[in-house]
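The values are calculated or read from the model by the stated rules, or taken from the named source; none is laboratory data. All figures in this text were calculated on a predicted structure; none of them were measured in a lab. Here Cβ is always computed from backbone atoms with ideal geometry, including for glycine, and neighbour counts include all displayed protein chains. Only protein heavy atoms, including side chains, enter the accessible area calculation; ligands, DNA and RNA are left aside. Shrake-Rupley method; radii C 1.70, N 1.55, O 1.52, S 1.80 Å.
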Amino acid sequence: MQLTGAEIVIRCLQEEKVEYIFGYPGGSVLFIYDELFKQDQIKHILVRHEQAAVHAADAYSRSSNKIGVCMVTSGPGVTNAVTGIATAYMDSIPLVILTGQVPTAYIGQDAFQEADTVGITRPCVKHNFLVKDVKDLALTLKKAFYIARTGRPGPVLVDIPKDVTIQKAEFHYPKTISLRSYNPVIKGHAGQIKKAVQLLLDAKRPMVYTGGGVILSDASDKLIKLVRMLGFPITQTLMGLGGYPGTDRQHLGMLGMHGTFEANMAMQNCDVLLAIGARFDDRVIGNPAHFGQVPRKIIHVDIDPSSISKRVKVDVPIVGNVPDVLDEMIRQLEASQSRPDEKALAAWWAQIEEWRARDCLKYKMGKDVIMPQFVVEKLYEVTGGDAFVTSDVGQHQMFAAQYYKFDKPRRWINSGGLGTMGFGLPAAMGVLFANPGATVACITGEASIQMNIQELSTCKQFRLPIKIINLNNGYLGMVRQWQQMFHGNRYSESYVDALPDFVKLAEAYGHVGMRITKPEDVEPALREAFGKHKNDLVFLDFVIDPKANVFPMVAAGKGLSEMILAEEL
Amino acid sequence: MRHIISILIENEAGALSRVAGLFSARGYNIESLTVAPTEDPSLSRMTIVSIGSDDIIEQITKQLNKLIDVVKVVDLSEAAHVERELMLVKVRATGKEREEMKRMADIFRGHIIDVTESSYVIELTGDTRKLDAFLDAIDRSLILETVRTGVCGIGRGDRILKV
């Protein structure tokens, strides 16, 4: 049967079992929106800015492992979406982004709302396509979904000129697809895994370090099994939190620039390091030369060969899908006669407990002023540690990562790689569409929240009962912290003046607003928000200590063990 | 060190910019880049000459392999290979220099492919050093214009880059 391009788009999305499209209509996608109108299988979520559409689709994927889909129009629709696309790309989130384009005959003529979408987005997508012939449309969309979800996942963009959505072609959606130029490795090399297992068994001071790859590949169960079997300490990156239970004794907390003392010390001083789905980035290991001063053997499991030996030389590289590799490791360990060195391990744990006893996340409770750490701790208590937590970027993000102990994967949703302010609120929307009825908190700050605050309107339209935890210190907190520590207290442009009355603002959008200024009111306010106002969006504006800083801290360019601790100041 | 990287890539619009964009985005160096379709018109073969440490070259080949359109990547300079570059040089050829220029072209096994009363166009192939040597051998002031294709290369014997 002959279908128009617009009909083909919708049929393809239906074949892919897409539930939601996050988007914003415009001239070049009108025919697709028209087809969307005529069916009811796929629901469209109208956002208020294209960046939010991508963040929402992104968090929909992060919190469910389904592919997020968004649709925007040509020109400004695309350029607005770019920040969202780059955010997803840096964190390897599978998305399919459909963009309208001016008619093929107009391309290159500076037409109204024309932008070189494929050119603009090339460096921040896993792949992108411009469909110039309606006959290629279905196959291209099939490729897009396939590429987005396989291998190291990522966003894939399909640019569709308006005339292509009108022209007709025979519709055929292929069941499977293979590309000669794209064959991700799944199984790890058995010989390499054998070498790795031997290293782990011989280790005296072993350490497991995991990242977002564990979450993305749903390898949590296997990771827990392996780590418990070995009895080794484990630390997780910002992107990996929840992959291994945050409350477990073997977990040393997050590592890196704002990691715990015990995690960073163990990372620096281990003799065998098992890195899984993590990429040794600058915020994680600090200065690579300093990290290299302690000799250690590194095993690195990752599906992307280019992540291996990029910043740190690796001794045993294992390219493969994390759960498949972990399966094989567990199998070989079970088959092996030898066990980890109990005595060495006991001594190592004794050392780690000594580090842990420093209690590096301790903070001074104010009598009159609310500490941000306290708000996150109370949020953890009130939500039973089981909420989905999205965040923006800055101090509040670090406090959330440090004090909310995530026990499950896909509960902690944040922009780790790109560090995009304005991510939190649209992300919370996406989480709720993927997990209807879930408890969702967006931990944010008064600066970040204003970068996509217009989405309060979307939240009203779709009745999304998000709880916004605004840690309001009147500063760009992380910028101010760096200025205090490294720029002689010169707070250049980091003070946010003329803040809105967030309570009135929330109310203006039809939501509930609360302003909390005293420590004793923190818990009651949270209980009210998650209790009485369970079904409302509540904007909780916590007025917090403006000078609270995030510790421990590894200054940029310093080594992991050169932390600045709160107690030292 | 100088490396010659050969790439088989889907012959699609924008494929070249994906490769070029990768090099500029990640700060890798390109000495030369040549590209043309192969005997199978659905594939292009690209040759890139880059200078970098072994670590950098390893990252370059990994990153190239990561591009969806890239089918195969080989570092030709890892083993025996031949490389050639084509150069066209337009030189002033008048008076006694006309004969001298003809002789130099012959010595370097070049061909004169265009002749006017006052100029020659000399075609020369060889590796990069040979072409450099020719330019050094003739009187610089006589060179009117040069154009070079950049290096293309192929493995010796059984080393074959094919799908």
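Can you name the strands (runs of 3 or more DSSP E) wholly within region B:1-115 that have at least 1 residues being within 14 Å of another protein chain (Cβ to nearest Cβ) and aliphatic (A, V, I, L, M)?
Counting at least 1 such residues, we get B:2-10, B:43-51, B:70-75.
Step by step: first the residues of region B:120-163, then only those that are polar (S, T, N, Q) and closer than 20 Å to B:Ile30 by Cβ, then the one that is nearest to the other protein chains (Cβ to nearest Cβ). Which residue is that?
Checked region B:120-163; the qualifying residue nearest to the other protein chains (Cβ to nearest Cβ) is B:Thr149.
Restricting to region A:304-331, count the residues that are open to solvent by less than 10 Å² (accessible area, probe 1.4 Å), part of a loop (DSSP other than H, G, I, E, B) and within 14 Å of chain B (Cβ to nearest Cβ).
2
Considering only region A:130-153, how many residues are within 10 Å of another protein chain (Cβ to nearest Cβ) and surrounded by fewer than 24 Cβ atoms within 10 Å (Cβ to Cβ)?
Within region A:130-153, residues that are within 10 Å of another protein chain (Cβ to nearest Cβ) and surrounded by fewer than 24 Cβ atoms within 10 Å (Cβ to Cβ) number 5.
Show me the helices (runs of 4 or more DSSP H) found entirely inside region A:332-404 where at least 2 residues are open to solvent by 30 Å² or more (accessible area, probe 1.4 Å).
A:342-356, A:372-382
Return the only residue of A:Arg152, A:Arg228 being modelled with pLDDT of 95 or more, out of contact with any helix residue (DSSP H, G or I) (no Cβ under 7 Å at 6 or more places or on another chain) and not in a loop (DSSP other than H, G, I, E, B).
A:Arg228
I'm trying to understand the selection: among the residues of region A:487-505, which are open to solvent by less than 90 Å² (accessible area, probe 1.4 Å) and touching a helix residue (DSSP H, G or I) at 6+ places or on another chain (Cβ under 7 Å)?
A:Tyr491, A:Ser492, A:Ser494 - these are the residues of region A:487-505 that are open to solvent by less than 90 Å² (accessible area, probe 1.4 Å) and touching a helix residue (DSSP H, G or I) at 6+ places or on another chain (Cβ under 7 Å).
For A:Asn269, all conditions in the list (1) surrounded by fewer than 24 Cβ atoms within 10 Å (Cβ to Cβ); (2) of a type in the set (S, T, N, Q); (3) in contact with a Leu (Cβ under 9 Å, 6 or more places away or on another chain) hold save one; what is the number of the exception?
Of (1) surrounded by fewer than 24 Cβ atoms within 10 Å (Cβ to Cβ); (2) of a type in the set (S, T, N, Q); (3) in contact with a Leu (Cβ under 9 Å, 6 or more places away or on another chain), only one is false for A:Asn269: (3).
Take the residues in region B:120-154 that are without any contact (Cβ under 8 Å) to a residue 24 or more places away in the chain and under 23 Å from B:Ile4 (Cα atoms); name whichever of them is most open to solvent (accessible area, probe 1.4 Å).
Taking the candidates together, the pick is B:Arg129.
Given the conditions (1) open to solvent by 30 Å² or more (accessible area, probe 1.4 Å); (2) more than 14 Å from every other protein chain (Cβ to nearest Cβ), report the number of the one that A:Ile177 does not fulfil.
Every listed condition holds for A:Ile177 apart from (2).
Looking at (1) surrounded by fewer than 19 Cβ atoms within 10 Å (Cβ to Cβ); (2) in contact (Cβ under 8 Å) with a residue 12 or more places away in the chain, which is the one condition that is false for A:Ala529?
(1)
Residue-by-condition table, conditions (1) of a type in the set (Val, Ile, Thr); (2) over 27 Å from A:Leu425 (Cβ atoms):
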{"residue": "A:His44", "(1), (2)": "no, no"}
{"residue": "A:Ala53", "(1), (2)": "no, no"}
{"residue": "A:Ser61", "(1), (2)": "no, no"}
{"residue": "A:Ser64", "(1), (2)": "no, no"}
{"residue": "A:Ile93", "(1), (2)": "yes, no"}
{"residue": "A:Ile97", "(1), (2)": "yes, no"}
{"residue": "A:Glu114", "(1), (2)": "no, yes"}
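Considering only residues of region A:97-129 that are part of a strand (DSSP E or B) and within 14 Å of another protein chain (Cβ to nearest Cβ), which is surrounded by the fewest Cβ atoms within 10 Å (Cβ to Cβ)?
Applying the filter and picking the extreme gives A:His127.
Does A:Ile469 satisfy the criteria of being open to solvent by less than 10 Å² (accessible area, probe 1.4 Å), under 27 Å from A:Ile224 (Cα atoms) and in the same structural domain as A:Asp541 (by TED's automatic domain parsing)?
Taking the combined requirement at face value, the residue does not satisfy it.
I want to confirm something. Restricting to region A:276-296 and keeping residues that are among the hydrophobic types (A, V, I, L, M, F, W, C) and surrounded by fewer than 17 Cβ atoms within 10 Å (Cβ to Cβ), which single residue is farthest from A:Glu328 (Cα to Cα)?
A:Ala289
Go through (1) within 25 Å of A:Leu13 (Cβ to Cβ); (2) part of a helix (DSSP H, G or I) and name the single condition A:Lys195 misses.
(1)
May I ask you to verify whether B:Arg129 is in a loop (DSSP other than H, G, I, E, B) and not acidic (Asp, Glu)?
Judged against the criteria, B:Arg129 is not a match.
Tally time: how many residues in region A:64-82 are under 17 Å from the mean Cα position of the chain (by Cα) and open to solvent by 10 Å² or more (accessible area, probe 1.4 Å)?
5
When you scan region A:203-223, do you find a residue that is within 14 Å of chain B (Cβ to nearest Cβ) and hydrophobic (A, V, I, L, M, F, W, C), even just one?
Checked against the condition, which is being within 14 Å of chain B (Cβ to nearest Cβ) and hydrophobic (A, V, I, L, M, F, W, C), region A:203-223 yields no hits at all.
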